[in-house]
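**Q** The following block contains the structure, expressed as structure tokens.
The values are calculated or read from the model by the stated rules, or taken from the named source; none is laboratory data. Every value quoted in this text rests on a predicted model; they were computed, and no experiment measured them. Because the Cβ atoms are built from the backbone with ideal geometry, glycine has one as well, and the counts that use them run over all protein chains shown.
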Amino acid sequence: MKVFKRLFKIGEAEAHSAIDKLEDPIKMTEQGIRDLKSDLDKSLQSLAEVKAMAIRAKNESESHRNKAKDYENKAMLLLKKAKDGNMDASEADRLASEALVKKDEATTQAARSKEEQEKFENNVAQLDQNVKKLKSQISHFENELKTLKARVKVSSATKKLNKQMAQIDSSSTVSMLERMKDKVEEEEALAESYGDIANESRSLDEEIDAAIESGSAEEKASDDLAALKAKLGMDKKEGEE
């Protein structure tokens with residue numbers, strides 16, 4: 001069947017596609033789904049047409065059966081009229097016979113229409129199975145397509161990341177880190193050196209002033225202590241002794 005050949009074509013395309021060219025089976029699957037949907041539309045149209053023929057055959061069969069009953073009733077009425085004396089018996093027989101012939105023709109046509117109805121209904125059942133199968137296949141391949149697209153995204157992202165990782169040279173990275181470490185240590189040493197120079201660059205005057213200030217403070221403290229002792233009379237007592 002044309003549909004299953006097309007499905008096989010899709011599966012074969014997927015089987016022979018390279019892993020790094022997953023966009024090819026995606027395109028093939030999308031085309032296959034479009035073809036299946038086209039076949040589904042045609043099958044639905046055929047199903048509708050055959051159903052219409054089955055309905056028409058059923059209506060014709062019922063119509064012919066009704067005609068057969070009508071002709072039979074007319075034949076009975078003719079014979080009754082002849083029996084009641086309301087009609088010539090030979091004429092009634094002739095017309096009743098003609099009505100019965102029409103009845104047989106209608107019965108035959110009803111049987112023929114019934115056979116056509118059954119034939120069309122069998123075709124409808126077969127077409128309905130094909131439609132259901134096509135719908136199931138379309139749903140299956142649409143789900144497969146979603147999964148395939150998701151796999152493409154994941155594999156593409158993984159491939160990109162692995163490619164970036166592969167392009168990183170570990171030895172050059174370590175070397176770069178070592179150079180950065182040396183640079184930081186050099187900057188730290190230079191900062192400490194500038195600090196030492198700053199401390200050593202104080203002028204002699206600053207040292208002298210610092211020494212004077214330190215001595216003045218000691219002398220002032222000694223004078224303050226003597227004054228306090230004098231105020232308390234401590235120096236006098238020591239002289240008397």
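**Q** Between residues in segment 39-63 that are within 30 Å of residue 104 (Cα to Cα) and residues that are β-branched (Val, Ile, Thr), which pairs lie under 6 Å by C-beta distance while being six or more apart or on different chains?
**A** Qualifying pairs under 6 Å: 50/124; 51/124; 54/124.
Conditions tested, residue by residue: (1) in contact with a Phe, Trp or Tyr (Cβ under 8 Å, 6 or more places away or on another chain); (2) at pLDDT 90 or above; (3) outside any loop (DSSP other than H, G, I, E, B).
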position	(1), (2), (3)
20	no, no, yes
27	no, no, yes
31	no, no, yes
47	no, yes, yes
59	no, yes, yes
64	no, yes, yes
73	no, yes, yes
85	no, no, no
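**Q** Within segment 109-130, which residues are free of Cβ contacts under 8 Å to residues at least 24 places away in the same chain and either among the β-branched types (Val, Ile, Thr) or not in a helix (DSSP H, G or I) (or both)?
**A** Those that are free of Cβ contacts under 8 Å to residues at least 24 places away in the same chain and either among the β-branched types (Val, Ile, Thr) or not in a helix (DSSP H, G or I) (or both): none in segment 109-130.
**Q** While we're on this one: Picking from 155, 175, 216, which residue would you name as being part of a helix (DSSP H, G or I), modelled with pLDDT under 70 and not aromatic (Phe, Trp, Tyr)?
**A** 216
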